[in-house]
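> Dropping the structure in here first, questions after.
Only the coordinates and a few stated rules stand behind these numbers; no lab work does. Worth saying up front: this structure is predicted, and the values here are computed from it rather than measured. Here the Cβ is made from the backbone with ideal geometry for all residues, glycine too, and neighbour counts use every protein chain on show.
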Amino acid sequence: MKHPVIVPSLGLVESVTVNKWARASGDRVAKGEMIVTIETEKSEVEVEAPADGVLEIAVDSGPELVSADATLGFIDDGAA
């Protein structure tokens, strides 16, 4: 099953920048592990893995803004 890695609820924020992925696509990650940092106009936020599994990055880090409700990637837990 694929679990989405989404931008956490940040109130009235409409867009964020993906600063840096701590892990690469294909890496095995653990639930609760910090996998990416995002930035708003006022703060930097760490996003944790929602499940154990293999990371699949959908949005690369960079200066482009992404929607505050964006799916940044997926964690594939291998379950059918």
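> Taking only the alpha-carbon positions of the stretch 2-76 and ignoring solvent, what does the Debye formula give for the base-10 log of I(q)/I(0) at q = 0.17 Å⁻¹?
Normalising to I(0) and taking log10 leaves -0.55.
> Additional query: How long is the gain from Lys20 to Met34 if the chain were fully straight, where each residue apart is worth 0.36 nm and the alpha carbon distance is subtracted?
Numbers: separation 14, 0.36 × 14 = 5.04 nm, distance 1.09 nm.
Between Lys20 and Met34, full extension yields 4.0 nm more.
> Test of understanding: in a Gaussian network model of the chain with alpha carbons linked when under 10 Å, which of Gly32, Gly62, Gly11 would top the mean-square fluctuation ranking?
Gly11
> Same structure, new question: Please give the net charge around Lys20, taking every other residue with its beta carbon less than 12 angstrom from that of Lys20, where Lys and Arg add +1 and Asp and Glu add -1. Could the numbers behind the result be given before it?
Values: positive: Arg23; negative: Glu39, Glu44, Glu46, Asp60.
Result for the local shell: -3.
> Moving on to the next point. Mind putting a number on the dipole of the chain about its Cα centre? Charges go on the C-beta only, +1 for Lys and Arg and -1 for Asp and Glu, and I need it in Debye to the nearest 20.
Values: 6 positive and 15 negative charges, 29 e Å.
Taking the Cα centre of the chain as origin, the dipole is about 140 debye.
> Sticking with this structure for a sec: Relative contact order (percent) for the stretch 2-76, with alpha-carbon contacts under 8 angstrom and 6 or more residues of separation?
Details: 184 pairs, mean separation 32.6, N = 75.
43 percent.
> Please compute the net charge surrounding Glu33, taking Lys and Arg as +1 and Asp and Glu as -1 over other residues with Cβ under 11 Å from its Cβ. Provide the component values of the computation, followed by the final result.
On the way: positive: Arg23, Arg28, Lys31; negative: Asp27, Glu46, Glu48, Asp52.
Spelling it out: positives minus negatives among the neighbours equals -1.
> Sticking with this structure for a sec: Please compute the length gained on full extension between Leu65 and Asp27, using 0.36 nm multiplied by the number of residues separating them and subtracting their Cα-Cα distance. Let's see the in-between values first.
Numbers: separation 38, 0.36 × 38 = 13.68 nm, distance 2.47 nm.
Length difference between fully extended and current span is 11.2 nm.
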